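Following: one structure in structure tokens, then a few remarks.
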Amino acid sequence: MHEHRRFYIKIKGVPVSVTEETYRAYKRPVWRERKRREVRAEHELSLDLISGGIADPRAMFENAVVDGDSIAAALAALTGEERALLEGLFFNGLTEREYAAATGISQKNVNKKKQRILAKLKNILTS
């Protein structure tokens with residue numbers, strides 16, 4: 001037996017029964033904002049992991065040394081496009097979707113590029 005779900009939204013604190021379509025349309029901006037905050041939190045966590053929680057990660061990158069190689073030198077080995085992507089995501093706090101929209105490439109492609117760039121940096125710093 002198929003159970004019919006009921007959907008409600010609160011209007012001035014009063015629950016009002018609505019269709020699923022209306023409920024989803026009403027909640028979509030709330031869900032988007034929640035996802036945006038989660039993604040930003042993930043980027044902050046990623047940056048904290050990369051920077052070791054340093055207050056000014058740019059200064060840390062300029063001065064840090066890993067096994068005799070500076071991170072700045074590793075970053076210099078990246079192309080301009082690769083550095084721009086890392087700067088946009090990690091230093092300017094853009095989401096992958098925002099960066100994709102600004103550059104005209106898909107979010108999925110931004111994610112793939114980010115993963116490749118981080119792997120490239122890791123390889124440079126650990127070799």
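Worth pointing out:
- Boolean, Ile105 is in contact with a helix residue (DSSP H, G or I) (Cβ under 9 Å, 6 or more places away or on another chain), modelled with pLDDT of 90 or more, surrounded by 11 or more Cβ atoms within 10 Å (Cβ to Cβ) and β-branched (Val, Ile, Thr): yes
- Scanning region 70-85 for residues that are more than 15 Å from Asn109 (Cβ to Cβ) and among the aliphatic types (A, V, I, L, M) returns Ile71, Ala72, Ala73, Ala74, Leu75, Ala76, Ala77, Leu78.
- Within region 71-123, being under 13 Å from the mean Cα position of the chain (by Cα) and part of a loop (DSSP other than H, G, I, E, B) holds for Asn92, Gly93, Leu94, Thr95.
- When region 14-42 is filtered for residues that are of a type in the set (D, E, K, R) and in contact with a strand residue (DSSP E or B) (Cβ under 7 Å, 6 or more places away or on another chain), only Glu20 remains.
- Pairing residues of region 111-127 that are over 15 Å from Phe90 (Cβ atoms) with residues that are in a helix (DSSP H, G or I) and basic (Lys, Arg), at Cβ distances under 6 Å and at least 6 apart in sequence or on separate chains, gives no pairs at all.
- The number of residues in region 78-102 being at pLDDT below 85 and closer than 16 Å to Leu121 by Cβ comes to 2.
The values are calculated or read from the model by the stated rules, or taken from the named source; none is laboratory data. What you are looking at is a predicted structure, and each value in this text was computed from that prediction instead of being measured. As a convention, Cβ positions derive from the backbone with ideal geometry for all residues, glycine included, and neighbour counts pool all protein chains shown.
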